[in-house]
Structure formats: C-alpha cells, structure tokens
1. Suppose we filter Asn48, Asn82 for residues that are in contact with a Lys or Arg (Cβ under 7 Å, 6 or more places away or on another chain) and without any contact (Cβ under 8 Å) to a residue 40 or more places away in the chain; which single one remains?
2. Determine which single condition Arg175 fails, assuming it passes every other condition in (1) within 16 Å of ligand 1 (Cβ to nearest atom); (2) surrounded by 14 or more Cβ atoms within 10 Å (Cβ to Cβ); (3) basic (Lys, Arg).
3. Could we say that Thr132 is away from ligand 2 (no atom under 16 Å from the Cβ), more than 30 Å from Glu7 (Cβ to Cβ), touching a residue at least 24 places away in the same chain (Cβ under 8 Å) and among the polar types (S, T, N, Q) here?
4. Could you give every pair whose Cβ atoms fall below 9 Å, whose first residue belongs to segment 11-33 and is not assigned by TED's automatic domain parsing to the domain that holds Pro53, and whose second residue is basic (Lys, Arg) and surrounded by 14 or more Cβ atoms within 10 Å (Cβ to Cβ), counting only separations of at least 6 or pairs across chains?
5. Is it the case, given these coordinates, that Lys42 is under 30 Å from Cys127 (Cα atoms) and without any contact (Cβ under 8 Å) to a residue 12 or more places away in the chain?
Amino acid sequence: MKRWRFEFHASYEEPQYVDAETEEQAWAVFRKNWDGYIESAKAAERDNIDEIPRIDDKTKIREVGLEALKWSPRPTCCDQINKIERFRDGPIISLNVSRYNETTGDYFSLIDPHWVIRKTGDEISFCPFCGTKLPEVERMEEPPQPLWDGDDDYCGTCDERNMCCECNPPWAAYRIKK
Ligand SMILES: [Zn+2]
Ligand SMILES: [Zn+2]
C-alpha cells in the first residue's frame, strides 16, 4: 500500500492523506471522502460551506512515506523496546543512519547504521530492558519509495525542505538481518 498526500490550492486547509495502491485509486477515494465531507457539512447546515475548498485542477497530489515506516526497522526482543515515549513521539531506541543537524533536528548525510538511545544520541548494542544483543541490519535491495535522499537543506526526492519532507526516512531502507 502507498500513501498519498493531497494539498488544496487554499493553503489554510490541512492536507489530506489517502492510502491506496495507485494514484488513480487515491484520487477516487479522495473525491469520495471529500464529497462526503461537504455533504455532511451541508446536512449540518454549517455556515462556512462556501469556504470549504473544492477539488479542482490546482489540487496537488504526491506520494509520501508510510506512517508505519517512520521508525523502522524495529528490534523484537521485548515489548518495552517498542513502547512509544509519551512525550517524544517515537520509540526510546531507534536505528540511526544519518547525521543530525543539531539546530533543526533534520537528518543529512548517511553514516553507518547503529542503534541509539534517541534522547541522548548514545550508541548502544544491547537492549537496556532485557539485555539481548540488538540485531544487525542490512540495506534492502529495493527500499520502500519514496525515500529521503538529499543534503542538509533539501530532500532531492520530493524537492521539499527537510523539515517538510514526508518521504520515508533514510532508516526505512534497512531491515533486520536474518
Ligand atoms: Zn529487549
Ligand atoms: Zn522528501
């Protein structure tokens, strides 16, 4: 399954996301959802119906990264290691494969993959909860697309600034070695 992002010409409107195999299917789902949304706004007699943007030829679509790959790959030694930190959005430990820009928190330039405690950036090789050695990873031959590929400013895949890039992150190209 792929994930698609729709952007209205009216920039105040939040982008919409649809999961579908092809761009054509994504458009079909998006149109149906949006028609339904406008219908229910009419039924509720909302007073801003005219302000809800309509789908037109300025509505943009692009493929983005899957939410499920945001923190991939994941070790499976115990439950705790995959617990999501409540205030930090993401697991305590993750695979790092890129250098960070300290100021923006963006990733740039690839480095050798290693497991880190996200909060401190400290490299670790054993699970701090159950003591199991953390798994080795390997790069996939065909990583999930679209995949971030850029420098410290821009992603070359989507041409957005890194902070706005919604491609799969560089660590999504790695899997646990069997
Ligand atoms: Zn563990
Ligand atoms: Zn991108």
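The values are calculated or read from the model by the stated rules, or taken from the named source; none is laboratory data. In this text the structure is predicted, and so the values were computed from the model without any measurement. Backbone-built Cβ (ideal geometry, glycine too); neighbour counts: all protein chains shown.
1. Values: Asn48 fails: in contact with a Lys or Arg (Cβ under 7 Å, 6 or more places away or on another chain).
On inspection, the qualifying residue turns out to be Asn82.
2. (1)
3. Numbers: away from ligand 2 (no atom under 16 Å from the Cβ): yes; more than 30 Å from Glu7 (Cβ to Cβ): yes; touching a residue at least 24 places away in the same chain (Cβ under 8 Å): yes; among the polar types (S, T, N, Q): yes.
So Thr132 passes the test.
4. If the second residue must be basic (Lys, Arg) and surrounded by 14 or more Cβ atoms within 10 Å (Cβ to Cβ), no pairs are left.
5. Values: under 30 Å from Cys127 (Cα atoms): no; without any contact (Cβ under 8 Å) to a residue 12 or more places away in the chain: yes.
No; evaluated as a whole, the condition is false for this residue.
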